[in-house]
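What follows is calculated from the coordinates using simple rules that are stated; it is not laboratory data. These figures come from a predicted structure and were not determined experimentally. Cβ placement follows ideal geometry from the backbone for every residue including glycine, while neighbour counts extend to all protein chains displayed.
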Amino acid sequence: MPISNINTATTTSQTTDTRQNNLGQKDIFLKLLVAQMKFQDPLKPQDATQMSSQLAQFNMVEQQTNTNKLLEELLAKGNSSTGSNSTAATWLGHSVSVNQNKIHFSGTPQTFSVQLTNAAAQANLNIFDASGTPVRSMQLGALSAGNNPLTWDGLTDSGAAAATGDYRIEISALDLQGQAVKATISRSGTVDAVLLTSNGNELMVGGIAASIADVTEIRP
């Protein structure tokens, strides 16, 4: 068995033992408290102040158990991030580049890049709104192989400003022989938040959630 699996198994076992110990201690405390109330001397009942103190202690044990459970869940989610990062929080504040063809338009021009495997003699760009309706089409002309920075000014084909919201970008490119050239769209921005989802961690970059698996570059 690999060492990493042994560590994982050990951690899981320790976590399970800790939870069982916590539950066991809480159960014993409750049983003692109930027994104390049941067998107290009717002529000398338990002091009310002491009873209140013991009930408060039991409540603290209950809260601590719940807090520990929540922290374990958060740590488990944080440790599920892709790559060598041990916790998702390490992404916050970093500038990243992600392979993603979605952008969030909020009134300012949007910059992105198109990576081409080969030079293109002709390339066309199309932008669609969240419902899939085309809002802007542009002929880009020839593009070189590699990285090509582009900007959408936020205008529609009619010349009006596009509405605030999410948009999808599509690029089609052909070489001199009329063969399709593979194009990948990427964008850059600062990680403003980390979303802990059931499918893994996602980064909020420029108002759009992006999978950590799509990150191609990270900068301080």
Can you tell me which residue is farthest from the chain's Cα centre (by Cα) among those in segment 150-187 that are in a strand (DSSP E or B) and of a type in the set (Ser, Thr, Tyr)?
Ser172
Enumeration of residues in segment 162-192 that are over 20 Å from Ala145 (Cα atoms) and surrounded by 12 or more Cβ atoms within 10 Å (Cβ to Cβ)
Ala162, Ala163, Gly165, Asp166, Tyr167, Arg168, Gly189, Thr190, Val191, Asp192
Hey, can you tell me all the residues within segment 87-103 that are among the hydroxyl-bearing types (Ser, Thr, Tyr) and assigned to a strand (DSSP E or B)?
Ser95, Ser97
Pair list, Cβ < 6 Å and 6+ apart or interchain, from segment 196-220 residues that are within 13 Å of Thr90 (Cα to Cα) to residues that are among the polar types (S, T, N, Q)
Asn201/Ser81; Glu202/Ser211; Ile212/Ser81; Ile212/Thr82; Ile212/Asn201; Arg219/Ser95
Members of segment 143-161 found to be surrounded by 13 or more Cβ atoms within 10 Å (Cβ to Cβ) and of a type outside the set (Phe, Trp, Tyr), listed by number:
Leu143, Ala145, Asn148, Leu150, Gly154, Leu155, Thr156
Cβ-Cβ under 8 Å pairs, at least 6 apart or on other chains, segment 148-160 side over 24 Å from Gln115 (Cα atoms), far side of a type in the set (Gly, Ala, Ser) and surrounded by fewer than 17 Cβ atoms within 10 Å (Cβ to Cβ)
Asp157/Ser137
Of the residues in segment 193-206, how many are surrounded by fewer than 19 Cβ atoms within 10 Å (Cβ to Cβ), in a strand (DSSP E or B) and not hydroxyl-bearing (Ser, Thr, Tyr)?
5
